[in-house]
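A.B. asks: Just dropping this structure here.
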Amino acid sequence: MTNIRAISTKPSVFKDTGYAVRVESPGRINLIGEHTDYNEGFVMPTAIDKRIILRFQKNETDNYCRVYSETFGKGFEFHLDKAFTKAEGWENYILGVVKELQDNGAKLEGFDCIIESKLPLGAGISSSAALECGLASGLNALFDLGLEDLEIVKLSQKAENDFVGSNCGIMDQYSSVMSKPDHIILLDCRDLKAEFIPADFRNCKLLLLNTNVSHSIADSDYNSRRAECEAAVEIIQKELPEIRSVRDLNFEILDQFKDKLKAKMYERCLYVLKENERVLKAAETLKSGSLKEFGELMYGSHEGLQHNYEVSCKELDFLVDYSRDKDFIYGSRMMGGGFGGCTINLIEEDKIDEYIDEVSAAYFAKFNIKLDAIIVQPDEGTKIFKE
Ligand code: ADP
Ligand code: MG
């Protein structure tokens with residue numbers, strides 16, 4: 001028996017504009033460091049200037065909650081005291097966060113929430129983390145729960161892992177909440193130590209090209225990549241107990257164990273080790289302003305994701321390859337979990353419009369799919385407004 005009931009109209013308590021709390025919860029980009037977060041490695045994300053807006057109001061009911069997504073034109077109602085069973089789709093992000101809050105002892109009451117969004121879904125910009133963290137932040141403010149930012153980050157990730165069933169790392173939630181304006185985060189996903197590097201891209205901008213494909217294997221393959229890495233660590237740990245994650249390996253150790261690992265496991269670990277190296281180099285090149293070198297590292301990341309980690313797809317590869325002979329594009333790679341979604345491109349600003357036209361036409365000619373282009377700006381994390 002499920003604890004949710006569909007609703008087709010917006011909760012009336014808002015009377016269109018009224019709200020007690022409003023949250024602007026950003027999507028994120030990741031410049032480099034893909035599939036490294038759950039291996040306790042390094043990433044370079046930041047929140048962006050595209051957000052999900054969530055409005056909240058207490059509804060004075062007996063613990064009924066109503067959540068309505070303008071994006072989908074529908075909503076659902078659930079009761080705080082009834083058991084939460086897994087639903088079909090987006091409801092799980094909501095239920096998962098509310099369950100985590102309640103499991104952590106938060107005293108919630110009936111509330112209404114309306115969601116609007118400027119973030120494409122499933123494009124690798126992490127609309128899911130924006131939704132989870134936005135909901136957790138809003139309820140934190142509405143009910144004065146006193147949660148710290150990092151608690152919001154962790155419980156949102158746990159909701160996605162345990163309730164939604166996607167074994168994502170910490171990067172998406174961390175960057176959606178903790179980003180600072182005009183900075184890129186260099187995050188060590190082991191101890192969550194963060195360095196904020198000024199996002200000075202000089203004459204360049206960050207351009208996302210959305211393939212508008214999302215291959216259905218994405219969720220299961222994401223989880224299986226993680227499982228392969230963890231299985232490799234388990235094998236190595238038997239002889240080297242100090243190895244706690246792929247992060248602790250180095251190339252010599254990995255080669256020592258090559259025969260004991262399945263070929264795919266070896267490839268996955270090799271990619272993660274090289275990617276961690278690339279991220280640390282990328283941070284240095286960003287600090288020194290060597291954008292061309294930074295771009296080369298982005299291409300290196302894509303090649304690893306394509307050949308060693310095997311999470312790219314023909315549409316992403318096409319876009320990255322298309323950029324290669326353009327001297328006004330310094331770097332390009334797939335971004336996010338893979339199997340679809342966006343590429344991120346470091347491109348000279350004055351060439352952007354022309355390039356979007358050209359690459360869109362080429363993409364359409366090849367795949368018969370419309371390409372979407374989004375210019376993004378690094379931005380601060382969650383913004384919360386109380387009436
Ligand atoms: P990504 O996080 O890269 O956008 P995911 O597949 O992880 O891709 O998350 C997308 C899912 O998040 C959507 O399919 C939907 O379930 C949920 N979601 C995101 N934005 C909204 C929204 N505005 N309203 C309702 N659900 C949303
Ligand atoms: Mg997601």
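The values are calculated or read from the model by the stated rules, or taken from the named source; none is laboratory data. Keep in mind that what you see is a predicted model, and the values were worked out from it rather than measured. No Cβ is skipped: glycine too gets one built from the backbone with ideal geometry, and neighbour counts run over all protein chains shown. With ligands, DNA and RNA removed, areas are computed over all heavy atoms of the protein, side chains included. Shrake-Rupley method; radii C 1.70, N 1.55, O 1.52, S 1.80 Å.
A.B. asks: Restricting to the stretch 214-226, count the residues that are touching a residue at least 12 places away in the same chain (Cβ under 8 Å) and open to solvent by 20 Å² or more (accessible area, probe 1.4 Å).
C.D. replies: 9
A.B. asks: Hey, another quick one. Output the residues belonging to the stretch 329-381 that are open to solvent by less than 30 Å² (accessible area, probe 1.4 Å) and over 24 Å from residue 301 (Cα atoms).
C.D. replies: 381
A.B. asks: Here's a follow-up. Restricting to the stretch 158-178, give me the number of residues that are within 12 Å of ligand 1 (Cβ to nearest atom), closer than 16 Å to residue 382 by Cβ and open to solvent by 20 Å² or more (accessible area, probe 1.4 Å).
C.D. replies: Count: 1.
A.B. asks: A follow-up question, please. State yes or no: is residue 309 at pLDDT 95 or above and over 24 Å from residue 129 (Cβ atoms)?
C.D. replies: The answer is no for residue 309.
A.B. asks: Then there's this: For residue 212, only one of the following conditions fails: (1) of a type outside the set (Val, Ile, Thr); (2) over 20 Å from residue 53 (Cβ atoms); (3) part of a helix (DSSP H, G or I). What is its number?
C.D. replies: Result: residue 212 passes all but (3).
A.B. asks: Hey, another quick one. For the stretch 78-119, name all the residues that are touching a residue at least 40 places away in the same chain (Cβ under 8 Å), among the charged types (D, E, K, R) and within 11 Å of ligand 1 (Cβ to nearest atom).
C.D. replies: Listed by number, the residues that qualify are 91, 116, 118.
A.B. asks: Same structure again: When residue 207 is evaluated against the numbered criteria (1) buried (at least 21 other Cβ atoms within 10 Å of the Cβ); (2) within 13 Å of ligand 1 (Cβ to nearest atom), which criterion, by number, is the only one it fails?
C.D. replies: Unmet for residue 207, out of (1) buried (at least 21 other Cβ atoms within 10 Å of the Cβ); (2) within 13 Å of ligand 1 (Cβ to nearest atom): (2).
This table checks each residue for (1) in contact with a Phe, Trp or Tyr (Cβ under 7 Å, 6 or more places away or on another chain); (2) assigned to a helix (DSSP H, G or I).
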residue	(1), (2)
272	no, yes
311	yes, no
336	no, no
359	yes, yes
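A.B. asks: Here is a follow-up. Condition first: in a helix (DSSP H, G or I), farther than 22 Å from residue 36 by Cβ and open to solvent by less than 30 Å² (accessible area, probe 1.4 Å). Can you find one or more residues in the stretch 274-281 that meet it?
C.D. replies: no
A.B. asks: If you don't mind, another one. Checking the structure you have, find out if any residue of the stretch 131-145 is open to solvent by 30 Å² or more (accessible area, probe 1.4 Å), aliphatic (A, V, I, L, M), in contact with a helix residue (DSSP H, G or I) (Cβ under 6 Å, 6 or more places away or on another chain) and in contact (Cβ under 8 Å) with a residue 40 or more places away in the chain.
C.D. replies: no
A.B. asks: Do we have residue 349 as more than 19 Å from the chain's Cα centre (by Cα), in contact (Cβ under 8 Å) with a residue 12 or more places away in the chain and within 30 Å of residue 53 (Cβ to Cβ) here?
C.D. replies: yes
A.B. asks: I want to confirm something. Restricting to the stretch 303-328 and keeping residues that are out of contact with any His (no Cβ under 9 Å at 6 or more places or on another chain), hydrophobic (A, V, I, L, M, F, W, C) and surrounded by fewer than 22 Cβ atoms within 10 Å (Cβ to Cβ), which single residue is farthest from residue 215 (Cα to Cα)?
C.D. replies: 328
A.B. asks: Which residue out of 52, 32 is under 13 Å from the mean Cα position of the chain (by Cα), among the hydrophobic types (A, V, I, L, M, F, W, C) and farther than 19 Å from residue 110 by Cβ?
C.D. replies: Criteria check complete, one pass: 32.
A.B. asks: Still on this structure: What pairs come out if I take residues in the stretch 155-179 that are without any contact (Cβ under 8 Å) to a residue 12 or more places away in the chain and pair them with residues that are more than 11 Å from ligand 2 (Cβ to nearest atom) and in a helix (DSSP H, G or I) whose C-beta lies under 9 Å away, six or more apart or interchain?
C.D. replies: Listed pairs, sorted by first residue: 161/96.
A.B. asks: Same structure again: In the stretch 338-357, what residues are part of a helix (DSSP H, G or I) and within 18 Å of residue 372 (Cβ to Cβ)?
C.D. replies: Once the filter is applied, which keeps residues that are part of a helix (DSSP H, G or I) and within 18 Å of residue 372 (Cβ to Cβ), the stretch 338-357 yields 352, 353, 354, 355, 356, 357.
A.B. asks: Only strands (runs of 3 or more DSSP E) wholly contained in the stretch 2-86 count here; list those with 2 or more residues that are open to solvent by 30 Å² or more (accessible area, probe 1.4 Å) and not charged (D, E, K, R).
C.D. replies: 4-7, 45-58
A.B. asks: Those residues that are within 16 Å of ligand 1 (Cβ to nearest atom) and in contact with a helix residue (DSSP H, G or I) (Cβ under 7 Å, 6 or more places away or on another chain), I need them from the stretch 324-367; list them, please.
C.D. replies: Residues satisfying the conditions are 333, 334, 337, 338, 339, 340, 343.
A.B. asks: Residues 120, 181: which one is within 13 Å of ligand 2 (Cβ to nearest atom) and open to solvent by 20 Å² or more (accessible area, probe 1.4 Å)?
C.D. replies: 120
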